[in-house]
Amino acid sequence: MKKSNIKSKHIINHPLFLPLVCLLLVLIVNLIQTPSFFKITIQNGVLYGFIIDIINRSSGLIIMAVGMTLVVASSGGTDISVGAVSALAGAVCVAVLGTGESYRMPYIISLLLPLIAGMVCGAFNGFLVSYMRVQPMVATLILFTAGRGIAQLITGSFILYVKPVQFQYLGSFLPNVPIPTPCFVATFVILITWLTLKYTSLNMFIQSVGINPKASHLVGLNSKMITFFTYVFCSVCAAGAGLISVSRTASIDANNVGLNVELDAILAVAIGGNSLSGGKFSLFGSVIGAITIQALTTTLYAMHVSADQLPLYKAIVVIIIVALQSPEPKRWYYMIKSGISSGRSAREAN
Amino acid sequence: MKIGGEILTMHHISKSFLGVKALSNVDFTLRAGEIHALMGENGAGKSTLIKVLTGAEEFESGEIRIAGKPIINRSPQEAQLNGISTVYQEINLCPNLSVAENLFLGRQPQKHGAIDWKTMYKKAKEAFEALDINIDVTSTLDNYSLAIQQMVAIARAVDISSRVLILDEPTSSLDDSEVEKLFSIMRKLKECGLGIIFVTHFIEQVYKICDRITVLRNGELVGEYEVGNLPRVQLVARMMGKDFEGLAEIKRHEAGTEEDNAATVIEARGLGCTGKVKPFDLNVSKGDVIGISGLLGSGRSELARVIYGADKPDTGELKMNDKKLDIRAPLDAVRSGIAFLPENRKEEGVIGDLSVRENIVLALQARKGIFRLLGKKEQEEFTDRYMDILKIKASDREAPVKRLSGGNQQKVVLARWLLTNPDFLILDEPTRGIDIGTKNEIQRLIVNLAKEGKAVIFISSEIEEMLRTCNRMVVMRDSSKVGELSNNEITQENIMKAIAGGNAS
């Protein structure tokens, strides 16, 4: 009895407990509302179903959330330019390939150049935040607005289409592979990040800088460099997500690629149980957060909520999720529990 | 002056953190018009008792009564409404707000729904004048020294009308005259019938100002005593729970005999930093323990910081083991084998949310760089070794360091540096806010490190401490080095003279 108590307490206190519960709740609602929700079929040789759709669609957000997690952890601020940076990367990609019947340049360049563009954007953000000490939100606000402008400049304000079919592989399916390609990309990003954090001291350094930059500096850490790095990494992630997004539609619409996605990315970090004031973080929490957000969107579509009304319902659910994870409910839970176990506690007596 | 009836009683208070009992069945009684010292070693439960009383932490069982009426404080605000206000050991004010704003934060005088700045500044000025503190109340708090900031915190607590005033280590960053000033304020408040709880490590101060003493040990009540009935030795014995090994046992470390052939570790020539410390020369040899003495704000800490590179020097040069050192950031200093324990533990020392283990290995890891991560086993081994050597008390090595008591946090920072096996240690106020037993341990440690051939700079506000441990003493005045005393010259009198500006030869 007592042992199981300790064990359950251990699970409840695990940082990923609440994010997972939230995700499960969303999924359970689906099970009741849309019985076909969990059905996975094979159509045209690829997997098909709501669940596949969620994982597929959330891939881009997951990638961004991974980058955002490190930015939040190291600087206690958020990078609101990720949506614009992904549009910019998409524009660079399409500009490299051109709109002809065949690619203008080798495909690999259309991957590398946007990622380098992302790196430059990240270096700009990182420089402002860590070396010029501009507040993160203000610093990234510059590219938040200017990024899309640059993208428009590159595309000449047109919606450009890439014709070769192979271009869509990245955003949909590779031939003879039933699993969507974005899933592989997202898995790859998570894996690389996780391994880097696990086998270098970056994990400890980022947390340390996020918790107490002054003390970290005095202990010999290059606080500025570490914060700078996280911004570069975040923008590269954003660029990667942009590539997927462009490939999905085989086109670039600089006005709409990654629109408002920065808010979802920040939300994913928060839903993942991470403190937005920096310090301790959980990469997998953010991943779960990203999946939760996409699951929510897909759920609402499955329930025939129109795209225009979607934000309202989403907001309501998000409020519930965030409130659930705040410290107060946890306190209530313990108060109620101790109230049951010890009859009337001393506190209630007053 | 006469001590009145009981205004505050705490009965059978218990509280535990992560399964570790921090308080068990503690009683405490405060009477109107008395100054009551709360004493005990680090981790004895003083801070926890105060936090429970002020609502910063919830207690599990027991009862608190104010003037006979049972109360529950769920937050410090509620405690304030109940007449309990507190000045904590670590200053909890907003450095980027003005002094006046800090004084009236949350209860700003208002006019037509807006803050009445004129009245606020006027009232703030009056409040500080009443305490004989002359500062510009409109400039931001971070312009002022720690001492002044502490005084502002006290002024704030005093200004909030209260029945019970808690002073948690208020004197640890004040110099003697400031302490006197504080005491006169305390006496005044006592006359008005306030009950004051005074938490401190300075035994002298307790006997100077307090009426009663309550001693805690390991979260349990040892007893309540009238000051007159408890000799100092008895008090120390009760706090430590064993016969007191006198501090006097630590013999001043005499490097004098081998002074001539000891190798120079650090040599500073004209090193300085504009606005912080004027250019100075300094030689530190193997086995030296050098004390830096001077009034608060005389440039003691600044001198140390310039050597370490925490503040980048703009003139002069620094040599270590006869090689020129170019220190641009602390990391360069760490790599050359210098360790630096900063004055302000909470702001610059510990990384609060990280575990004891992470805090200890951090400096070594920083030195090794990002790619050569210390193995988990290795980290745990190091942590266990130093938790053992320095007797760090924590529920386990993965506990967040902020959960530890102040003295244990300081030991964690010390452990962090010892792990890097430095040749040269700069310890800025390593014993501040720490109980006598731990102070003793740290002083022993310093002497032992010197015996092993390390060079140490030891800065402390308590001259006695440095008298016991240092073989040379640098005296600072107005941001410049004004003298150096060695071995037999080091007496309290000579130091005072040098500080005061006599002929310090």
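The values are calculated or read from the model by the stated rules, or taken from the named source; none is laboratory data. These numbers were taken from a predicted model, which means no experiment stands behind them. Cβ placement follows ideal geometry from the backbone for every residue including glycine, while neighbour counts extend to all protein chains displayed. Accessible surface areas use protein heavy atoms only, side chains included; no ligands, DNA or RNA. Shrake-Rupley method; radii C 1.70, N 1.55, O 1.52, S 1.80 Å.
The figures follow:
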{"item": "Subset of the stretch B:405-416 (residues that are away from chain A (no Cβ under 14 Å) and either touching a Gly at 6+ places or on another chain (Cβ under 8 Å) or open to solvent by less than 10 Å² (accessible area, probe 1.4 Å) (or both))", "result": "B:S405, B:G406, B:G407, B:N408"}
{"item": "Qualifying residue in the stretch A:314-337 (condition: acidic (D, E), over 14 Å from the mean Cα position of the chain (by Cα) and not in a helix (DSSP H, G or I))", "result": "no"}
{"item": "Subset of the stretch A:140-164 (residues that are in a loop (DSSP other than H, G, I, E, B) and among the hydrophobic types (A, V, I, L, M, F, W, C))", "result": "A:F158, A:I159, A:V162"}
{"item": "In the stretch B:371-390, residue nearest to the chain's Cα centre (by Cα) [restricted to those that are of a type in the set (F, W, Y) and part of a helix (DSSP H, G or I)]", "result": "B:Y386"}
{"item": "Test result for A:D79, charged (D, E, K, R), assigned to a loop (DSSP other than H, G, I, E, B) and either open to solvent by less than 10 Å² (accessible area, probe 1.4 Å) or under 25 Å from A:L23 (Cα atoms) (or both)", "result": "yes"}
{"item": "From B:K46, B:K69, residue being basic (K, R) and surrounded by 23 or more Cβ atoms within 10 Å (Cβ to Cβ)", "result": "B:K46"}
{"item": "Of residues in the stretch B:335-370 being facing another protein chain (nearest Cβ under 7 Å), more than 15 Å from A:I206 (Cβ to Cβ) and in a helix (DSSP H, G or I), the one most open to solvent (accessible area, probe 1.4 Å)", "result": "B:E347"}
{"item": "In the stretch B:145-172, the residues that are open to solvent by 10 Å² or more (accessible area, probe 1.4 Å), closer than 21 Å to B:S293 by Cα and polar (S, T, N, Q)", "result": "B:S145, B:S172"}
{"item": "B:I327 being facing chain A (nearest Cβ under 7 Å), crowded, with 18+ Cβ neighbours inside 10 Å and at pLDDT below 90", "result": "no"}
{"item": "Candidates A:F167, A:F184, filtered to the one that is assigned to a helix (DSSP H, G or I), without any contact (Cβ under 8 Å) to a residue 60 or more places away in the chain and away from chain B (no Cβ under 14 Å)", "result": "A:F184"}
{"item": "Search result, residues across the stretch A:274-308 that are touching a Ser or Thr at 6+ places or on another chain (Cβ under 8 Å), surrounded by fewer than 17 Cβ atoms within 10 Å (Cβ to Cβ) and closer than 30 Å to A:T227 by Cβ", "result": "A:L276"}
{"item": "Strands (runs of 3 or more DSSP E) wholly inside the stretch B:8-84 that include at least 3 residues being charged (D, E, K, R)", "result": "B:20-31"}
{"item": "Pairs where the first residue, in the stretch A:213-231, is under 13 Å from B:L362 (Cβ atoms) and the second is assigned to a helix (DSSP H, G or I) and acidic (D, E), C-beta under 9 Å, 6+ apart", "result": "A:A215/B:E347; A:A215/B:E348; A:H217/B:E348; A:L218/B:E348; A:G220/B:D332"}
{"item": "Residue satisfying all of: in the stretch A:94-122; touching a helix residue (DSSP H, G or I) at 6+ places or on another chain (Cβ under 8 Å) and farther than 29 Å from A:T69 by Cβ; surrounded by the most Cβ atoms within 10 Å (Cβ to Cβ) among these", "result": "A:L97"}
{"item": "The lone exception for B:K122 - which of (1) without any contact (Cβ under 8 Å) to a residue 12 or more places away in the chain; (2) crowded, with 20+ Cβ neighbours inside 10 Å it fails", "result": "(2)"}
{"item": "The stretch B:283-324: number of residues that are acidic (D, E), more than 14 Å from every other protein chain (Cβ to nearest Cβ) and free of Cβ contacts under 8 Å to residues at least 40 places away in the same chain", "result": "0"}
{"item": "Check on B:V474, open to solvent by less than 10 Å² (accessible area, probe 1.4 Å) and touching a Cys at 6+ places or on another chain (Cβ under 9 Å)", "result": "no"}
{"item": "Hits in the stretch B:372-402 (condition: farther than 24 Å from A:L197 by Cα, touching a Lys or Arg at 6+ places or on another chain (Cβ under 6 Å) and touching a residue at least 40 places away in the same chain (Cβ under 8 Å))", "result": "B:L390"}
{"item": "Residue list for the stretch A:123-139, filter: surrounded by fewer than 16 Cβ atoms within 10 Å (Cβ to Cβ) and in a loop (DSSP other than H, G, I, E, B)", "result": "A:M132, A:R133, A:Q135"}
{"item": "Test result for A:F144, within 22 Å of A:F205 (Cβ to Cβ) and open to solvent by 40 Å² or more (accessible area, probe 1.4 Å)", "result": "no"}
{"item": "Some residue of the stretch B:454-474 being on the phi > 0 side of the Ramachandran plot and not hydrophobic (A, V, I, L, M, F, W, C)", "result": "no"}
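Every residue, every condition in (1) open to solvent by 30 Å² or more (accessible area, probe 1.4 Å); (2) at pLDDT 80 or above; (3) outside any loop (DSSP other than H, G, I, E, B), yes or no:
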{"site": "B:T214", "(1), (2), (3)": "no, yes, yes"}
{"site": "B:L221", "(1), (2), (3)": "yes, yes, yes"}
{"site": "B:Y225", "(1), (2), (3)": "yes, yes, yes"}
{"site": "B:G228", "(1), (2), (3)": "yes, yes, yes"}
{"site": "B:H253", "(1), (2), (3)": "no, no, no"}
{"site": "B:R269", "(1), (2), (3)": "yes, yes, yes"}
{"site": "B:G275", "(1), (2), (3)": "yes, no, no"}
{"site": "B:K278", "(1), (2), (3)": "yes, yes, yes"}
